[in-house]
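Asks: The structure that follows is given in the form of structure tokens.
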Amino acid sequence: MDRRNIKRDLTARVVLSIALLLFYNSVVAASPLLPQVSLPTGEGRGGAVGFEGASQDSARLRLTFTLSEADRVGSDYSVWATPRLTNGRGDTLRLEPAVFRGKRNARKADRARYFGEAVPQAPAGREVPADGRVDYDITLSRADAPWLWQGRISIDADREQEGCCEVESLPAARIGRFAYVPPFRPALALVPDNTGKAGELQRDNPVLQHISQYKPYDGVIRRGALFVHFPLDKHVLRHDFRDNAATLDRIIDITRAIMADTTSAVKVIQIVGLASIDGPRRHNIELAGNRVRALKDYIQRRVDTPDSLYEVVNGGEGWRELRAQIAGCNSPYRDRLLSIIDNEPDPDRREQLIKRLDGRRAWRWLRDSVLADQRNSGYLRIYYDYVPDTAARIINRATEMIRRGQAEEALALLRTVSHDERSHNALGVACYMTGRRDEALQHLRRAAANGNPQAAENLRQIEEREKLKVKD
């Protein structure tokens, strides 16, 4: 055979399939959640290319391909093909060569070996007749060649022809290309339950509580209650007295906002009227009742609320509140005052004992330091309810399904709430994980445009993954 024709016609036929070696020694279908080896599709220069699978946390790369020179090697010649992996930065890894020998070349090599002559030889299984095939199944460690996991990698076979006492370089054969594509790690967050305007206001206004937290007044002032104050022995509610202006405006604004909201509703406005212990008990009870009615009337004149919403309680003299205030004070009279309150059951006699304590010095301290804050209408709490946020529950349920790998089931669930803007990030992730790329991008872009940071992160990952994918 003419050597020029050999040089022109020698073209390696190769078949390549690349996969990441699974730690559990099995092959799985490709998934966006797993790292992938991206390969060109269709017929490349060396033959067909196929993708087998990937493992999520693999640190090893498995290459499987076949080299063949068919019957293009002349009888007097041998072709040495050395697979070579390279990247754009010049990193190179050479694999064991394969040797394809023509008939006379093979007989000559066998004869030379028989007589003990030195004849270059490929590793076991890598030396075959000219029309033979050499199968490669190579496992590479990420620790040994980390650059194989960075960017695009080309696999070529450097080829040399030997015969007639000379070595001649042949055109390299392109085996294929691949790129390690990192796993898609979906950024997902549970959406907050939309508790309506009342739930939104509650974050900064502890006076608001959900109706499930409601408790009738039992003599205990609940944390977060709002207080309004009255002048001594008066029940006229003055907007300009002490800090009443800010408190009253806050009560009105909160009540109006909830009443105007279609997703939440005021269920109970609880007002407890109190008076200080100073003075006749019967008079103080009447004063406390007048004060609580004054606050109720103030709200109703400004916000249209029916009487049925109000729970109006005459708390009378605020002995329990007084005791709590004394217990929290650092006073030389504290223990003796608490002893009188705890052990004298009659309120009027209790008051007289306190007034006579230590030559009325204890009473003067109590009057000046504590009782001023008892001259109020007690406290107010607003209890609300809201329309259940079914969409949030569905989105969050689907999000948990995605995290468990149930993307197809999650997608079916999410489609039922696709009208809710909060669903689009989870919808985009579910679509991407089930191979619906274009639809996924539509949902994610919509969510990102609405300020969803998880959607922006998911778009970034998808763009980075697609940059790494090899194109023909």
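Asks: Starting from the amide H of Arg177, placed 1.01 Å from N in the peptide plane, find each other amide H under 5 Å away whose residue is 5 or more places distant or on another chain.
Replies: Here Ile155 satisfy the definition.
Asks: While we're here: Return the label of the correct value of Cα Rg over 2.2 N^0.38 Å, as calculated from the structure shown, out of [x] 1.86; [y] 0.98; [z] 1.09.
Replies: Recomputing Cα Rg over 2.2 N^0.38 Å here picks out [x].
Asks: Separate question: Calculate how steeply helix 390-403 sits against the longest principal axis of the alpha-carbon atoms of the chain, using the helix alpha-carbon long axis, and give the answer as 0 to 90 degrees to the nearest 10.
Replies: Here the helix axis deviates by roughly 40 degrees.
Asks: Same structure again: Quick one: net charge of Arg94's neighbours, Cβ under 15 Å, K/R +1, D/E -1? Provide the component values of the computation, followed by the final result.
Replies: On the way: positive: Arg84, Arg126, Arg159; negative: Asp91, Glu96, Asp144, Asp156, Asp158, Glu160.
Local net charge: -3.
Asks: Let me ask another. May I ask for the net charge around Arg350, where only other residues with Cβ less than 11 Å from the Cβ of Arg350 are counted and Lys, Arg are +1 while Asp, Glu are -1? Mind dumping the intermediate values first?
Replies: Working: positive: Arg281, Arg323, Arg349, Lys355; negative: Glu317, Asp342, Glu344, Asp346, Asp348, Glu351.
Summing Lys/Arg as +1 and Asp/Glu as -1 gives -2.
Asks: Now a separate question. When you count, for each residue, the other Cβ atoms within 10 Å and take the mean per peptide, how do 350-360, 273-283 rank with the highest first?
Replies: Details: 350-360: 15.7, 273-283: 19.4.
Going from most to least packed, we get 273-283, 350-360.
Asks: Hey, another quick one. Within a Cβ distance under 13 Å of Tyr217, other residues only, what is the Lys/Arg minus Asp/Glu net charge? Don't skip to the answer; put the middle values down first.
Replies: Working: positive: Lys215, Arg222, Arg320, Arg381; negative: Asp218, Glu311, Glu321.
For residues surrounding Tyr217, the net value is +1.
Asks: Compute the long axis of helix 244-260 from its Cα atoms, compare it with the longest principal axis of the Cα atoms of the chain, and write down the angle in degrees, 0 to 90, nearest 10.
Replies: Long axis of 244-260 versus the principal axis of the chain: about 60 degrees.
Asks: Student exercise: in the chain, how many lysine pairs 8 or more apart or on different chains have Cα atoms under 26 Å apart?
Replies: Close lysine pairs found across the chain: 10.
Asks: Another question about this same structure. Leaving ligands, DNA and RNA out of it, rank Asp389, Asp253 by accessible area with a 1.4 Å probe, largest first.
Replies: Numbers: Asp389 15, Asp253 95 Å².
Heavy-atom accessible area, descending, gives Asp253, Asp389.
The values are calculated or read from the model by the stated rules, or taken from the named source; none is laboratory data. The structure presented is a predicted model; accordingly, all values stated were derived computationally and were not measured. So basically every Cβ, Gly included, is an ideal-geometry build from the backbone, and we count neighbours across all protein chains shown. For accessibility, only protein heavy atoms count, side chains too; no ligands or nucleic acids. Shrake-Rupley method; radii C 1.70, N 1.55, O 1.52, S 1.80 Å.
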